[in-house]
Amino acid sequence: MDPTTDNAGTAGDAGGARASLEALRAEIAKAVVGQDPAVTGLVVALLCRGHVLLEGVPGVAKTLLVRALASALELETKRVQFTPDLMPSDVTGSLVYDTRTAEFSFQPGPVFTNLLLADEINRTPPKTQSSLLEAMEERQVTVDGTPRPLPEPFLVAATQNPVEYEGTYPLPEAQLDRFLLKLTIPLPARQDEIDVLTRHAAGFNPRDLRAAGVRPVAGPADLEAARAAVAKTTVSPEITAYVVDICRATRESPSLALGVSPRGATALLATARAWAWLTGRDYVIPDDVKALALPALRHRVQLRPEAEMEGVTADSVINAILAHVPVPR
């Protein structure tokens, strides 16, 4: 086989995959207005085989965003409403006794899907929250000693409300660290909100995405080609050192009780590579690292109580560190 021809074919597949993933924004915009950063974050997470924590007040289209992404990627999606009485088996599945065969058979839970929307994950006790840990990390579920692999691709998009903490179970630091990105879903700008109401007045039904015109524009094959291309994206030693310096600076910040772990540094580097590829480059530049620093790191740091009382936020600390750490030339 001619290696030149083979490389050209691979490059073409990667280029086609990039074009397909870029088309996602326009397709999802048919259902969701003004959430391009969140869409990009979800695509980056899929490319990195990571999971996403979505934080926003009720009614900002978090569920609709995930459903629209699944429709545009032709992936299966399921939603679990996390409540105080939800059991781990309600998520992972359980053994059910079949009276006809007098045997136990496995009944898969909603985690067996491509995009799992874990709605209000902080409203369920730690025992049920931790039922997702194996699925997120090992991409399998073990029931009665038997591991059962999950579909590929697999992404957990967990949501939480940032303003209402009564009756909630905040995720522990170790579990937060399992999420590749934490994306904040803001309230829409005035014009975006006008567009939302105009669509609803014209008959838009958020439960019928097909009627809204959302069509599949990419699929699992595009994701695989894109992942292969991202893996070939070049990272210079200077960029690697820059990522390490940023993460080490969080461990030395007087405002933080807990800094970013090496896993967080790995996540920042991986997401920067994916973002570099999505923007059309096969190498990472410092701006790629800066673009992903907040979503990749904000949930991996813990503020000191005195800093929190003074109104300091994780985002402001990370931004200050980005302004202070020397940028490689």
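Only the coordinates and a few stated rules stand behind these numbers; no lab work does. Given the structure is predicted, the values throughout are model-derived calculations rather than measurements. Neighbour counts are summed over all protein chains in view; Cβ atoms, including those assigned to glycine, are modelled from backbone coordinates with ideal geometry.
Considering only GluC sites (Glu not before Pro) in DSSP loops that have at most 16 other Cβ atoms within 10 Å, the longest stretch of the chain without any of them is 167-309.
Applied to region 120-130, the Karplus parametrisation 6.51 cos²θ - 1.76 cosθ + 1.60 on θ = phi - 60° returns per-residue 3J(HN,Hα) values of 6, 4, 7, 9, 10, x, x, 4, 7, 4, 6 Hz, with x for Gly and Pro.
Find the percent of Cα-Cα distances in the chain that exceed 34 Å, and round it to a whole number.
For the chain, the fraction of Cα-Cα distances above 34 Å is 28 percent.
For a modelled paramagnetic label at ALA241, 7 Å from Cα along Cα-to-Cβ, the residues of region 280-322 in reach, with backbone nitrogen under 20 Å, are 283-290, 321-322. The per residue volume of the convex hull around the alpha-carbon atoms of region 168-222 is 192 Å³.
Based on alpha-carbon centroids, what's the gap between region 44-75 and region 239-314 in Å, whole number please? Centre-to-centre (Cα) distance: 21 Å. For the pairs LYS30/LYS290; LYS30/LYS62; LYS127/LYS182, flag any whose C-alpha to C-alpha distance is greater than 20 Å. Table pairs above 20 Å Cα-Cα are LYS30/LYS290; LYS127/LYS182.
For every helix of n ≥ 4 consecutive DSSP H residues, a contribution of -39,500 (n - 2.57) applies; sum these over the chain, divide by its total residues, and give [θ] at 222 nm rounded to the nearest 500 deg cm²/dmol.
On the way: 14 runs with 156 residues, N = 329.
Calculated from helices alone, the mean residue ellipticity at 222 nm is -14500 deg cm²/dmol.
In the chain, Cα pairs under 8 Å separated by at least six residues give a relative contact order of 22 percent. In this label model, GLU224 and ALA23 are separated by 1.9 nm, measuring between points 7 Å along each Cα→Cβ vector. For LYS78, the aspartates and glutamates whose Cα falls under 13 Å of its own Cα, not counting residues fewer than eight places away in the same chain, are ASP90, ASP119.
In a fully extended conformation the segment linking ASP195 and THR101 would gain 28.2 nm over its present Cα-Cα distance, using 0.36 nm per residue. For region 240-252, 3J(HN,Hα) computed residue by residue from phi via the Karplus equation (6.51, -1.76, 1.60; θ = phi - 60°) reads 4, 5, 5, 4, 4, 4, 4, 5, 5, 5, 5, 6, 9 Hz, glycine and proline entered as x. Across region 63-75, rounded Karplus estimates of 3J(HN,Hα) from the backbone phi angles (6.51 cos²θ - 1.76 cosθ + 1.60, θ = phi - 60°) give 5, 4, 4, 5, 5, 5, 4, 4, 5, 6, 9, 6, 10 Hz, Gly and Pro being marked x. Proximity of backbone amide H atoms, modeled 1.01 Å from N, is registered between ARG148 and VAL141, THR142, VAL143 at under 5 Å, excluding neighbours fewer than 5 places apart on the same chain. Backbone amide hydrogens, once placed in the peptide plane, bring GLY93 within less than 5 Å of GLY109, excluding anything fewer than 5 places away on its chain.
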